[in-house]
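Right, one structure below, let's go through it.
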Amino acid sequence: MPRRARHLRGSASAPAGSEPDFFVVGRVLRPHGIRGEVRIALETDHPERLQPPLTLYFGPMRIAYTIAGVRFDRGDMLLKLEGLDSRTEAEALRGLEVAILAEEAAPLQPGEYYVHQIIGLEVWTEGGRHLGQVVEVLETGANDVYVVHGPGGEVLIPAIRDVVMEIDLPGGRMVIRPLEGLF
């Protein structure tokens, strides 16, 4: 089933089953201190991979900065970036998405999928009924839930082995076995 890896949210224009050029790993909350550090709200399951000398890309223009130092504070990551030496310079990054190149992302195990690969898949039952398209993946405590919009309205599909029978990325489809009372 899909791994919980929100940092693998790719570009919205990437079709289902494709690899985007960048994966979002967080967002700049604000500058920290006077020496150009920035506080990052993480959107990744693998913060340990964000270490020097990795290059990060900021905002829609993908402004590149290399990580010079990393530390954590109250659940957020504090980054020192090469060439960013003042609070004023750091302020320019406030609110921007932080991304990595797709090839820097954590490798998947067999049967694992990135969230961006699931979004856009057409969902069918084993009996051949078309339910619609996955438009969102919700993270819950127990398992992810796929939000499917289709002709019958919105359907919530639990991402568990008893329900999701097949994910065919090249074919752009998911086949499910509905639990009793699911719809």
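Read the figures in this text as sums done on the coordinates, not as results from a lab. Since the structure is predicted, the reported quantities are computational estimates derived from the model, not experimental observations. All Cβ positions, glycine included, derive from the backbone under ideal geometry; neighbour counts span all protein chains shown.
Could you derive backbone 3J(HN,Hα) for the range 108-121 from the dihedral phi with the Karplus parameters 6.51, -1.76 and 1.60 (θ = phi - 60°), listing whole Hz in sequence and x where the residue is Gly or Pro?
9, 8, x, x, 9, 9, 7, 4, 5, 6, 7, 4, x, 5
In a GNM of the chain with a 10 Å cut-off on Cα contacts, which of 31, 47, 107 has the highest mean-square fluctuation?
Result: 107 has the largest fluctuation of those listed.
Restrict the search to the range 87-183; then list the GluC sites (Glu not before Pro) that DSSP places in a loop and that have at most 15 other Cβ atoms within 10 Å of their Cβ. All intermediate terms of the calculation are to be shown ahead of the outcome.
Details: sites: 89, 91, 97, 103, 104, 112, 122, 126, 136, 139, 154, 166, 180; in loops: 112, 126, 180.
Hits after loop and neighbour filter: 112, 126, 180.
With both partners inside the chain, how many of the DSSP beta bridges are antiparallel, as a percent to the nearest 5?
Once the DSSP bridges in the chain are tallied, antiparallel ones form about 90 percent.
What ranking do 156, 29, 81 get, fewest neighbouring Cβ atoms within 10 angstrom at the top?
In increasing order of surrounding Cβ atoms, one gets 156, 29, 81.
Taking one equal scatterer on every alpha-carbon of the range 120-176, how large is log10 of I(q)/I(0) by Debye at q = 0.14, 0.19, 0.29, 0.30 1/Å?
Results for the range 120-176 at q = 0.14, 0.19, 0.29, 0.30 Å⁻¹ read -0.32, -0.60, -1.32, -1.37.
Loop-only chymotrypsin sites (Phe, Trp or Tyr not before Pro) in the range 28-93, please: DSSP not H, G, I, E or B, and at most 14 other Cβ atoms within 10 Å.
Nothing satisfies the criteria.
When the Karplus curve 6.51 cos²θ - 1.76 cosθ + 1.60 is applied with θ = phi - 60°, which whole-Hz ³J(HN,Hα) does each residue of the range 37-50 get, with x for Gly and Pro?
Going residue by residue, I get 6, 10, 8, 10, 7, 6, 10, 9, 8, 10, x, 5, 7, 8 Hz, with x marking Gly and Pro.
Out of residues 5 or more away from residue 121 or on other chains, whose amide H comes under 5 Å of its own, with H placed 1.01 Å from N in the peptide plane?
Those lying under 5 Å, H to H, from residue 121 are 134.
Given only helices, namely DSSP H runs of n ≥ 4 each adding -39500 (n - 2.57), what is the per-residue ellipticity at 222 nm of the chain, to the nearest 500 deg cm²/dmol?
Numbers: 2 runs with 9 residues, N = 183.
Taken over the chain, the calculation gives -1000 deg cm²/dmol.
Find, among the trypsin sites (Lys or Arg not before Pro) in the range 35-111, those assigned to loop by DSSP (not H, G, I, E, B) with at most 15 other beta-carbon atoms within 10 angstrom.
Qualifying residues, ordered by number: 35, 62, 74, 94.
Need one word for the chain: rounded, prolate or oblate. Basis is the Cα gyration tensor (sqrt eigenvalues a ≥ b ≥ c); a/c below 1.5 gives rounded, then a/b vs b/c decides. Could the numbers behind the result be given before it?
Values: a/c = 2.69, a/b = 2.53, b/c = 1.06.
Prolate, because a/c is 1.5 or more and a/b exceeds b/c.
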